Amino acid sequence: MITKLRKWNNPVGVIIPSETLERAGIHFGSKMSIEVCEDTIILKSLTPDYTLDKLLENSPAESLSLTDKDNEWLNSYPVGKEVL
C-alpha cells in the first residue's frame, strides 16, 4: 500500500485505511508507540493482549464466588458523589 504524508497545522500525519487497522486489531483512539529504526518508522499498538477471561482462567474457582459482604456492597445505594 502506498500513501502520502499530509500536513495538519504543524504536525504531519498519514492516513491509514480502516481495513488495515482492522487487520491489525487497532481502532480509532488506540494508544500507539512510535519507534524509529534506521529509516523506518514503526507503529505498535499499546492495547493489552489479554482479556478479563484470560486473567481469570488461572484463578482458583473459590476466589471467584461472592460472599454476603460482597453482595451487600454491590447492592448498596450511593452515599456520596458516586456516579451511577
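Tabulated results
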| read-out | value |
| --- | --- |
| Other-chain or far-sequence residues with amide H under 5 Å of Ser30's (modelled H) | none |
| Charge dipole (debye, nearest 20) of the range 5-45; +1 at Cβ of Lys and Arg, -1 at Cβ of Asp and Glu | 200 debye |
| About the Cα centre, charge dipole magnitude for the chain (Lys/Arg +1, Asp/Glu -1 at Cβ), debye | 700 debye |
| More than 15 angstrom apart: percent of Cα pairs within the chain | 78 percent |
| The range 5-45: relative contact order as a whole-number percent, Cα under 8 Å and 6+ apart | 23 percent |
| Most mobile of Leu21, Leu56, Leu66 in a GNM of the chain (Cα contacts under 10 Å) | Leu66 |
| Helix-only mean residue ellipticity at 222 nm for the chain, each DSSP H run of n ≥ 4 adding -39500 (n - 2.57), per residue, nearest 500 | -5500 deg cm²/dmol |
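Every read-out reported here was derived from the displayed coordinates using simple, explicitly stated rules and does not represent laboratory data. Bear in mind the structure is a predicted one, so any value in this text is a computation, not a measurement. As a convention, Cβ positions derive from the backbone with ideal geometry for all residues, glycine included, and neighbour counts pool all protein chains shown.
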